[in-house]
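Presented below is the structure to which this report refers.
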Amino acid sequence: MNSRVTDQESGVSVRRATARDAKRLTRLVRTSSAYEGPYAPMIAGYRVGPDYIETHEVHVAVGPDGRVLGFYALILSPPELDLMFVADDAQGLGIGRLLMAHMKREAQAAGLDSVRIVSHPPAEGFYLSVGARRTGTVTANPPAVMWDRPELELPIS
């Protein structure tokens, strides 16, 4: 799967990530204000490596200026949205919704009927707003994850 989609209104395109994107994606994760304070340990030292990009369906949203605005990583088996980040200064511009629409098309093309999402607690509302439904809770797993997380399922149709 290698579909490139461009939002005509904003000029933002979504394309398959390459190994050359690894450092930019790592920086986006590590600088996310969503993981400050008590959530900081989860991303301390986190790295999105070229091997991860090559193994999974990783797609990036790129602005007209070439800047990476966000990305997602879809694991096909078992189907799960593993990562989803939007740059702090690009939040509220529809980038997350554009990425989720792209992810749903990729999941459908792969023959998936749903995708599991273990959400960062503050992001649960976003996932619910794009059609996911809560299915349970994933309990804390110290030391990396010190809090329970919502478990959701996103139907693919």
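Scanning the range 59-78 for residues that are touching a residue at least 24 places away in the same chain (Cβ under 8 Å) and either assigned to a loop (DSSP other than H, G, I, E, B) or in contact with a Ser or Thr (Cβ under 7 Å, 6 or more places away or on another chain) (or both) turns up V62, G63, P64, P78. Whether any residue in the range 95-110 is farther than 24 Å from V5 by Cβ and touching a residue at least 12 places away in the same chain (Cβ under 8 Å) is what I want to check. No, the range 95-110 contains no residue that is farther than 24 Å from V5 by Cβ and touching a residue at least 12 places away in the same chain (Cβ under 8 Å). For beta carbons closer than 6 Å, sequence separation of 6+ or different chains, a first residue in the range 17-34 that is within 13 Å of Y72 (Cα to Cα) and a second that is open to solvent by 40 Å² or more (accessible area, probe 1.4 Å), the qualifying pairs are A22/P50; T26/R47; V29/Y46.
Considering only the range 82-133, how many residues are of a type in the set (D, E), part of a loop (DSSP other than H, G, I, E, B) and open to solvent by less than 20 Å² (accessible area, probe 1.4 Å)? Give the derivation first.
Of the residues in the range 82-133, the ones of a type in the set (D, E) are 82, 88-89, 106, 113, 124.
Going one step further and asking which of them are part of a loop (DSSP other than H, G, I, E, B), we end up with 113.
Still in the running and open to solvent by less than 20 Å² (accessible area, probe 1.4 Å): none.
Adding up the residues that qualify gives 0.
Among the residues examined, P79 qualifies as at pLDDT 95 or above and open to solvent by 10 Å² or more (accessible area, probe 1.4 Å).
Does V68 qualify as being under 15 Å from the mean Cα position of the chain (by Cα), modelled with pLDDT of 95 or more and more than 20 Å from L152 (Cβ to Cβ)?
On the way: under 15 Å from the mean Cα position of the chain (by Cα): yes; modelled with pLDDT of 95 or more: yes; more than 20 Å from L152 (Cβ to Cβ): yes.
Against the criterion (under 15 Å from the mean Cα position of the chain (by Cα), modelled with pLDDT of 95 or more and more than 20 Å from L152 (Cβ to Cβ)), V68 qualifies.
Please specify each residue of the range 10-49 satisfying the condition of being open to solvent by 20 Å² or more (accessible area, probe 1.4 Å), assigned to a loop (DSSP other than H, G, I, E, B) and among the polar types (S, T, N, Q). Selection gives S10, T18, T31. Screening S157 on (1) closer than 22 Å to G70 by Cα; (2) part of a loop (DSSP other than H, G, I, E, B) shows it passes everything except condition (1).
Taken together, the criteria exclude S157 from residues that are polar (S, T, N, Q) and either open to solvent by less than 30 Å² (accessible area, probe 1.4 Å) or modelled with pLDDT of 95 or more (or both).
The values are calculated or read from the model by the stated rules, or taken from the named source; none is laboratory data. None of these values were measured; they are calculated from a predicted model. In this analysis, Cβ positions are derived from the backbone assuming ideal geometry, glycine residues included, and neighbour counts consider all displayed protein chains. Just the protein is used for accessible areas: all its heavy atoms, side chains included, with ligands, DNA and RNA removed. Shrake-Rupley method; radii C 1.70, N 1.55, O 1.52, S 1.80 Å.
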